Amino acid sequence: MIKLFKIRGGVHPQDRKQLSANQAIENLPLPPLLHIPLQQHIGAPAEPLVRRGETVLKGALLARSQGAISAPVHAPTSGRIMGIGGFPAHHPSGLSVRTITLQPDGNDAWVDHLDPVADPFTLQPDDIARRVAEAGIVGMGGATFPAAVKLNLRNRYALHTLVINGAECEPYLTCDDRLMREQPDEVLDGVLILARGLGVERILFAIENNKPEAFAAMNSAAHAYSQVEVVGLPTRYPMGSEKHLVQTLTGRETPARGLTADIGIVVQNVATALAVHEALRHARPLISRVMTVSGGAIRQPRNIHVPLGTPLSSLIDFCGGFKQKPARLISGGPMMGQPVPSIRVPVVKGSNGLLALTEEEVRLRSEMPCIRCASCVHACPCGLLPLDMAAQIRVGSLDASVNLGLLDCIACGSCAYACPSHIPLVHYFNYAKGELAARQRAQHKQNETKRLIIIRKARMEALKQAKHEMMMKRKRELATAKQRNTETPSTEVGA
Amino acid sequence: MIEERPAPGPYTHAGTSVNRIMLLVMLALAPATLLGFYLFGWPAILLFLTTLLTAVLAEMLALKLAGKPVRKFLLDGSALLTGWLLAMTLPPWAPWWTGAVGALIAILIGKQVFGGIGQNLFNPAMVARVVLLISFPLEMTLFQQPLPLCSASAPGFIDSLAISFGNYTPVDAVSSATLLGQIKTELGRGVPFDRAALDAGSLWRSSWGDVAGSMGETSALLLLTGGLLLIYKRIITWHIPCAMLGTLALLAALFNLIDPVRYVDPLTHLTSGAAVLGAFFIATDLVTSPVSRQGQLLFGAGCGLLVYVIRTWAGYPEGVAFAVLLMNACTPLIDHYLKPRIYGRDSKGEPLNYVESASGDER
């Protein structure tokens, strides 16, 4: 057992995982329509390759990746493309994004040109990264950063350790727990392939101690591999934050504004590892995922294997509907999850949970003034002063909040969770970060405009200069000609 | 089914609230308060009620004037707690108007002119106490020997009304200086500090609280119990009380060692006056103390130092209120300079750089 290190702050929310932890993963029946957004990841949206009316097989490429940071999208089942257009996004705004609508034909027939690898460990890291990219795999813990881009970090950083994040520190969520319990060998295989893809020798598989069954399952699966160490983590939120997980395991902090790769470590999620196993061993792209549907308002909490693009309403129906009117409908965990704009929105690659929470679970109360109790200061895992940052943001001093460390905030929500005045601290920080980004864009635009104006001015000046010179030249020519004429008129006449 | 108004996350909460904090503090104060009621009888109870009632009325008035929701802010319990703390520090038989004037000063000048709950720079109860002490030195330093409720010599309810609201002093009442006051006077007269007067029995009495003193300050033990409850309930942390009492005890021990005749021993310092009440309930006031752990240690140590200095060398026998107010004034400064280190940054705020230090442990 390796020595663990203490992280600062953190909170202990009621984990309520027992609601769904003992529910085995079940397959969701195919819904009548799938809505597959072209943007399910961080980066540029995918570029559609299919047309309306076309029939596609399961696993077919629907849209290709576009740009360095992007991910392709594949057909979750066989069927007919009903259209490509705007559809409400899986995002609190509910704004529409380009979405491919697919009507399943019920055959669920795979494409026939599958090309699995018998032994992925003979592949070069570049080939593994390419296959991971082609399978459209993104970080499935919720961040949805393209996994292949993370694999390619090996080209720029000296990496030595792969950390698998099985902390699942968000309350309620049990999908990773179930994956580790039910498919430990497949998960481990994906982990080993990822390690091969990164070219690292050491693997730390970290699981919070509130999941003893998952720990036992992974431990026995990893028994044969000396390079893999399964580590039990103390249960504390936000243990699953990449940088804090690495600190717990190694005692080293990731430098501010940096990546864990700066200290030689890459972190991947359990579900991502399973997706890599599927992609390499079975040549299956990322077209489905496991989600936890839970919360006090859900009749039967479940862990469900869901095709991407399934409307959330189908999941709720599959779980027997609502026991009572939910006070909040949340995508993800209660700490960092986002409200769902409508139950029509589809499941995407980063959806790990759907929670229907009761009034009593949400514990929403009216906001009071800050009493400087410092609960937020003690809860912050990043060593920030949330109360001061919020006070600065409230009066519009965004720069002052940046000086206090706004950009080091990981938006984990520990401060707002602990605040006795129920001040929506994270909300302030998210607002400020958004506002700063907008200002930065505006500043960039202004600089660009200024630059273009200067260039235009220079161009106009040059043009004017050129015109002027041309005129002068003409004048000179004329003058010379005139002169020549007066000097030798006879020549002209003679000519 | 979908919420009309999107509410920001997180969608769960620790379940704490401002009024829960205030209620817990009052609960922690209750044992010492009840002992105060018992020891000093009806006059103390009447003074306590007058102070609390005035505090609540003043809060209502101020909220009305400020156009703030009265019910919401009144129910947070902060005005009640301020009044309670002030009452704890008053001489138990002081006339009713000391409590009323004190509560008005605490709520209106100490708290509401700054903008209400969370905005005040100084501990409102201590502001009031200091103003009272300076303005009405006679009333504020006239302490009674305990006359336990229902004992033969204790004043009855009617007599008590006369004591608090009239200007009546019963014959049985024995006014007395506090222990600290007594020591100060004796030392001031050049009489050496008599250790024998402080035998084990008197130390026990002053720890338990059966001595002359402010209404709620006398029982160091009950206050300590309440303080430990607050630490257990995570309303306060150990930093301020430990730093304050530790510094006080350390200084007292040091000087006592140098000259036991002129300097009082540390146990007497800890068990008398407002030391324990101040350390657990007043210096730890959330609004007016620093937010970082380092800051709280410094703040507590500063309070302890000032208490010792004032008690030993200044004109007043007790210095907790002055010490806390002076350190309150330093809180913004302490908060500015002592901040927690940000993750991934060094103490100066620059991003960590492993390149320089990376040599042996790099794998």
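Filter the range A:1-17 down to residues that are surrounded by fewer than 16 Cβ atoms within 10 Å (Cβ to Cβ) and closer than 16 Å to A:C169 by Cβ, then give me how many there are.
So the answer is 3.
Select, from A:T235, A:T248, the only residue that is in contact (Cβ under 8 Å) with a residue 40 or more places away in the chain, more than 11 Å from chain B (Cβ to nearest Cβ), β-branched (V, I, T) and closer than 19 Å to B:R341 by Cα.
Result: A:T248 is the single residue among A:T235, A:T248 that is in contact (Cβ under 8 Å) with a residue 40 or more places away in the chain, more than 11 Å from chain B (Cβ to nearest Cβ), β-branched (V, I, T) and closer than 19 Å to B:R341 by Cα.
Would you point out the residue of the range B:250-298, among those that are β-branched (V, I, T) and away from every other protein chain (no Cβ under 14 Å), that is nearest to B:W313 (Cα to Cα)?
B:V264
Go over the candidates A:Q392, A:Q446 one by one and state the one that is within 30 Å of A:H12 (Cα to Cα) and surrounded by 10 or more Cβ atoms within 10 Å (Cβ to Cβ).
A:Q392
Which pairs have Cβ atoms under 7 Å, sit 6 or more apart or on different chains, and link a residue in the range A:288-302 that is on the phi > 0 side of the Ramachandran plot to one that is crowded, with 23+ Cβ neighbours inside 10 Å and part of a strand (DSSP E or B)?
A:G295/A:L355; A:G295/A:A356; A:G295/A:L357
Collect the residues in the range A:478-495 that are at pLDDT below 50, part of a helix (DSSP H, G or I) and small (G, A, S), keeping them in residue-number order.
If the condition is that a residue be at pLDDT below 50, part of a helix (DSSP H, G or I) and small (G, A, S), then A:G494 is the only one that fits.
How many of the residues in the range A:356-376 are over 20 Å from A:A418 (Cβ atoms) and surrounded by 24 or more Cβ atoms within 10 Å (Cβ to Cβ)?
Number of matching residues: 1.
Going by the structure shown, is B:H336 more than 9 Å from chain A (Cβ to nearest Cβ), free of Cβ contacts under 8 Å to residues at least 12 places away in the same chain, farther than 26 Å from B:L81 by Cβ and not aliphatic (A, V, I, L, M)?
Considered against the rule, which asks whether it is more than 9 Å from chain A (Cβ to nearest Cβ), free of Cβ contacts under 8 Å to residues at least 12 places away in the same chain, farther than 26 Å from B:L81 by Cβ and not aliphatic (A, V, I, L, M), B:H336 comes out as yes.
Anything in the range B:85-97 that is in a helix (DSSP H, G or I) and surrounded by 24 or more Cβ atoms within 10 Å (Cβ to Cβ)? List them, or say none.
Within the range B:85-97, B:L85, B:L86, B:A87, B:M88 qualify.
Residue-wise test of (1) in a helix (DSSP H, G or I); (2) aromatic (F, W, Y); (3) under 30 Å from B:S175 (Cα atoms).
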residue	(1), (2), (3)
B:P8	no, no, no
B:R20	yes, no, no
B:A28	yes, no, yes
B:A32	yes, no, yes
B:G36	yes, no, yes
B:A44	yes, no, yes
B:T54	yes, no, yes
B:L57	yes, no, no
B:A62	yes, no, no
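So, of the residues in the range B:126-153 that are in contact (Cβ under 8 Å) with a residue 60 or more places away in the chain and touching an Asp or Glu at 6+ places or on another chain (Cβ under 8 Å), which turns out to be farthest from the other protein chains (Cβ to nearest Cβ)?
Checked the range B:126-153; the qualifying residue farthest from the other protein chains (Cβ to nearest Cβ) is B:L147.
Quick one: A:P184 ticks every box in (1) buried (at least 19 other Cβ atoms within 10 Å of the Cβ); (2) free of Cβ contacts under 8 Å to residues at least 40 places away in the same chain; (3) within 30 Å of A:R52 (Cβ to Cβ) except a single one, so which number is it?
(3)
Inside the range A:309-427, counting only helices (runs of 4 or more DSSP H) that do not spill past its ends, which hold 2 or more residues that are over 22 Å from B:P290 (Cα atoms) and at the interface with chain B (Cβ under 7 Å from one of its Cβ atoms)?
So the answer is A:359-362.
Would you confirm whether or not the range A:187-197 contains a residue that is modelled with pLDDT under 95, within 14 Å of another protein chain (Cβ to nearest Cβ) and touching a Leu at 6+ places or on another chain (Cβ under 6 Å)?
no
Would you please name the residue that is nearest to A:R202 (Cα to Cα), looking only at residues in the range A:261-284 that are crowded, with 24+ Cβ neighbours inside 10 Å and of a type outside the set (A, V, I, L, M, F, W, C)?
Taking the candidates together, the pick is A:Q268.
Being closer than 15 Å to B:L39 by Cα and buried (at least 16 other Cβ atoms within 10 Å of the Cβ), is that true of even one residue in the range B:119-138?
No: the range B:119-138 contains no residue that is closer than 15 Å to B:L39 by Cα and buried (at least 16 other Cβ atoms within 10 Å of the Cβ).
The values are calculated or read from the model by the stated rules, or taken from the named source; none is laboratory data. Given the structure is predicted, the values throughout are model-derived calculations rather than measurements. Positions of Cβ are generated from backbone atoms using ideal geometry, with glycine treated the same way; all protein chains shown enter the neighbour counts.
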